[in-house]
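The values are calculated or read from the model by the stated rules, or taken from the named source; none is laboratory data. Remember, it's a predicted structure, so these values are computed and weren't measured experimentally. Glycine also receives a Cβ, built like all others from the backbone with ideal geometry; neighbour counts cover every protein chain displayed. Areas reflect the complete protein model, heavy atoms only, side chains present, ligands, DNA and RNA absent. Shrake-Rupley method; radii C 1.70, N 1.55, O 1.52, S 1.80 Å.
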Amino acid sequence: MFFDSWEQVLRVLAMVATSYALIIVILRVAGKRSLSKLNAFDFVVTIALGSILASTILLKDISLSEGAAALLGLAALQMVVTWLSNCSHRFAKALRSEPRLLLSDGKFHDEALRNERITQGEVEAAIRKHGEGKIANVSAVVLESDGSLSVICQGPSRDFTALRSVLGPEETSL
């Protein structure tokens, strides 16, 4: 239960070193996006890479070549999906969620909050984390595609071009 043999311990150590080197090479080739959390698909790929790596290291019935094939296959699949989403707006829209405006000019958008299953308290927490104490000073809170909340406070300029994907280009001046 606590110790089976030195042979198994050495096997795990060898698999750790080899798998570690392999995952570094794969991630360097696949690019930074492989570990990003830009959208749900990227998050799932990151979790799957970790799961495959752990399985390859710890399970005796999975060889290094099988683990490497799984890691390479997943990285290649993510690269293909990313390429397709860059080439096809329709494919990208099917894969990624759109950002959603939850609050603008200090007023909550109740329907958006309900649809996204976000509470006013969670929005208020994001505002506090941003360092703002008054909701009235907040121009917008956006639920981003990766699930994070972006807080945009009032400033000298009212031309919020970063809100184009949420409001549309003609509405960026709140």
With springs connecting C-alpha atoms under 10 Å apart, model the chain as a Gaussian network and identify which of Leu95, Leu49, Leu143 has the largest mean-square fluctuation. Leu95
Rounded to the nearest 20 Debye, what is the dipole magnitude of the chain about its Cα centre when Lys and Arg each give +1 and Asp and Glu each give -1 at the C-beta? 260
Everything considered on the Cα gyration tensor (a ≥ b ≥ c; rounded for a/c under 1.5, else prolate if a/b is larger than b/c, else oblate), the stretch 85-127 must be described as prolate
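At 1.4 Å probe size, put Glu122, Glu7 in order of accessible surface, largest to smallest.
Ranked list, largest accessible area first: Glu7, Glu122.
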Using Cα pairs under 8 angstrom and six or more residues apart, how large is the relative contact order of the chain, in percent? 17
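Test of understanding: express the Cα radius of gyration of the chain as a ratio to 2.2 N^0.38 Å, with N the residue count.
Here the Cα radius of gyration is 1.42 times the empirical estimate.
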Compute the angle between helix 6-30 and the longest alpha-carbon principal axis of the chain, please, reported from 0 to 90 degrees and rounded to the nearest 10. 40
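Mind checking the per residue accessible area of the chain for me, 1.4 Å probe, whole number of Å²?
64
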Label-point separation (nm) for Phe2 and Ser63, each offset 7 Å from Cα along Cα-to-Cβ? 3.5
How far is helix 120-129 tilted, in degrees, relative to the longest principal axis of the Cα atoms in the chain, given as a value from 0 to 90 rounded to the nearest 10? 80
Radius of gyration and maximum dimension Dmax of the stretch 11-85, Cα, Å: 12.3, 40
Got a sec? What order do Ser65, Ser148, Ser36 fall in by accessible area at 1.4 Å, biggest, i.e. largest, first? Ser65, Ser148, Ser36
Longest principal axis of the chain (C-alpha) makes with the long axis of helix 64-87 (C-alpha) an angle, in degrees to the nearest 10, of 30
How about Lys93: which lysines have a C-alpha closer than 17 Å to its C-alpha, ignoring those fewer than 8 places off in the same chain? Lys37
Helix-only [θ] at 222 nm, the chain, -39500 (n - 2.57) per DSSP H run of 4+, per residue, nearest 500, equals -17500 deg cm²/dmol
Where the eigenvalues come from the Cα gyration tensor of the stretch 61-115, what are the semi-axes √(5λ) of the equivalent ellipsoid, largest first, in whole Å? 39, 16, 8
Run the accessible area of the stretch 14-57 with a 1.4 Å probe and give the carbon-and-sulfur part as a rounded percent. 77
Rel. contact order, % - alpha carbon contacts under 8 angstrom, at least six apart, the stretch 52-135: 12
